[in-house]
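Some notes on the structure that comes next.
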Amino acid sequence: MTPAHPDASSAPATTAPRGAAGAAPSLPEGFLARADLLLAGTDADLARFLPGDSGTRQPVHTCYVPADLVTERTPAEWGAAAAPAAEEAGGLAALADLAGVDDAAAPDLIQRVARKLREEPVEDLRLDLEDGYGERPDAEEDADAVRAAHTVAAFARNRASGAAPAPAFAGIRFKCFEAATRARGLRTLDLFLSTLVREGGLTEAGISEDGLPEGLVLTLPKVSAVEQVAVMVEACEAFEDALGLPAGRLRFEIQMETPAMILGPDGTCPIPAMLRAAEGRVSALHYGTYDYSASLGISGQFQSLEHPAADHAKNVMQVAVAGTGVRLSDGSTNRLPVGDAAQRRETWALHASLVRRSLERGFYQGWDLHAHQLPTRFLTNYAFYRGAFDDAARRLVVYAGRSVPGIETADVADEPATARALARYVVRGVLCGAVSEDELREKGLDPETVRAVANPGAAASSSAGERTSPETGETP
């Protein structure tokens, strides 16, 4: 029989001393080198396209506000509006009850959320120059794009100085690259980035070496084709060259709002091809609840984050980005707690249930459209990360001290993959401020070790308490 690889199998089998090590090896000498040669390209692709999660902070929400309505005071104003709204409903304790928070955990959570609303009420703010902003005269949108750049720069200065509450992440959503809006979207993006780098003052203030804030986010909406992503990559390269930015500095989110992004004309899902075309620049995929639902012909009263069509799309997104390091965000609910007392209670309960549902399904970020949604967003997130913290910590301690499988006294025999999932749960809890590193130590866990288990191969995050490092720090 002719061997499959004559040059690899023609060598005589290696020999080794018999004894405690077992029988002599049977693979021919040089087979490992042959395997390395054949798989070198595969190894490179896996490292490039499936690097895993970075372990850095992901915001628990993105708040969308029309760009012309945003000032550097907006985050503080949202926090100031959320607190009295909660008080009118009976306080955060009443909202915790609506959110299904355990009575025993409620006092601690209430204290944490009250502090959160004072110090960092908005984690990620998107100044919207697309659907939420609408069609305006060019001169008006030009002015608002420039003003948005100065506002984002002001956020970075406030965050660095602590002068006022400011989001860890901020940026713009510009108009999509479909023919009708392409020129307007590119011009808005150009004005925003050029103004931010050249006039934002962040380099002069010692906040940024390149003039961009660390937590800058750009959102490309209504993507339906790989070519649109490729054009965005070319635009980023052109901006980097013109503005003297390091290669690869500009990254962007993609909003999944079209059926063609779930199932393309060729019968395949184009998301993997989009991520390859992006060459590592895509940071996240965001589900667009209402555009996607409407595009499927779903009647307005049935459009929801929990519609079966929404679940199908998000399941496809989740599989498509698994292992890539690209994050996921769920969308929004348009039912806002702004009516009478009964309407607010019902809507807060709905919001909390939707947030919890997303978290349970592995979507750790979502959209908020109104300040009154902040209390239930944070209460539900903190309850999620604290609710199973004791059990996760116990299992991680047992896992670290495991000896002989089948003889241990632990009630759960966790696989390495499950240990990683437990560690990621704990790390996310720390990064969003639900759990402190001191609490990890009290459970017998070293924070650095937990991060290493959560994200093997990723660079270890720095201390989780640095306010000026949104990519690695926990909330203040």
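One table, with the values for the structure above:
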read-out: In region 74-93, the residues that are in contact with a Ser or Thr (Cβ under 9 Å, 6 or more places away or on another chain) and open to solvent by 20 Å² or more (accessible area, probe 1.4 Å); value: GLU77
read-out: Residue within region 328-336 that is in a strand (DSSP E or B), in contact with a His (Cβ under 9 Å, 6 or more places away or on another chain), in the same structural domain as GLN303 (by the TED database) and buried (at least 20 other Cβ atoms within 10 Å of the Cβ) present; value: yes
read-out: Test set (1) open to solvent by less than 30 Å² (accessible area, probe 1.4 Å); (2) within 23 Å of GLY323 (Cα to Cα) - LEU212 fails condition number; value: (2)
read-out: Subset of region 44-77 [more than 30 Å from VAL146 (Cβ to Cβ) and among the acidic types (Asp, Glu)]; value: ASP45, ASP53
read-out: Scan of region 29-73 for residues that are under 30 Å from ARG451 (Cβ atoms), open to solvent by 50 Å² or more (accessible area, probe 1.4 Å) and assigned to a loop (DSSP other than H, G, I, E, B), ordered by number; value: LEU50, PRO51, SER54
read-out: Some residue of region 166-186 being part of a helix (DSSP H, G or I) and either aromatic (Phe, Trp, Tyr) or touching a helix residue (DSSP H, G or I) at 6+ places or on another chain (Cβ under 8 Å) (or both); value: yes
read-out: Where LEU129 falls short, out of the listed (1) over 30 Å from ARG356 (Cβ atoms); (2) surrounded by fewer than 15 Cβ atoms within 10 Å (Cβ to Cβ); value: (2)
read-out: Residue in region 273-291 that is assigned to a loop (DSSP other than H, G, I, E, B) and more than 19 Å from VAL326 (Cα to Cα) present; value: no
read-out: Exclusive hit being of a type outside the set (Ser, Thr, Tyr), in a loop (DSSP other than H, G, I, E, B), free of Cβ contacts under 8 Å to residues at least 40 places away in the same chain and open to solvent by 10 Å² or more (accessible area, probe 1.4 Å), set GLU204, GLU234; value: GLU204
read-out: Selected residue [in contact with a strand residue (DSSP E or B) (Cβ under 8 Å, 6 or more places away or on another chain), hydroxyl-bearing (Ser, Thr, Tyr) and crowded, with 16+ Cβ neighbours inside 10 Å] from THR195, THR219, THR181; value: THR219
read-out: Pairs with Cβ under 7 Å, 6+ apart, first in region 85-98 and closer than 13 Å to THR376 by Cβ, second modelled with pLDDT of 95 or more and among the aromatic types (Phe, Trp, Tyr); value: LEU95/TRP348; LEU98/TRP348
read-out: Search result, residues across region 198-216 that are out of contact with any strand residue (DSSP E or B) (no Cβ under 6 Å at 6 or more places or on another chain) and within 28 Å of PRO137 (Cβ to Cβ); value: ARG198, GLU199, GLY200
read-out: Residue match in region 258-276 (condition: over 14 Å from VAL226 (Cβ atoms) and touching a strand residue (DSSP E or B) at 6+ places or on another chain (Cβ under 8 Å)); value: no
read-out: Test: residue in region 101-108 that is at pLDDT 95 or above and either surrounded by fewer than 16 Cβ atoms within 10 Å (Cβ to Cβ) or part of a helix (DSSP H, G or I) (or both); value: no
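The values are calculated or read from the model by the stated rules, or taken from the named source; none is laboratory data. Source: prediction; values computed, not measured. Neighbour counts run over all protein chains shown; Cβ positions are idealised from the backbone, glycine included. All accessible areas refer to the heavy atoms of the entire protein, side chains included, with ligands and DNA or RNA removed. Shrake-Rupley method; radii C 1.70, N 1.55, O 1.52, S 1.80 Å.
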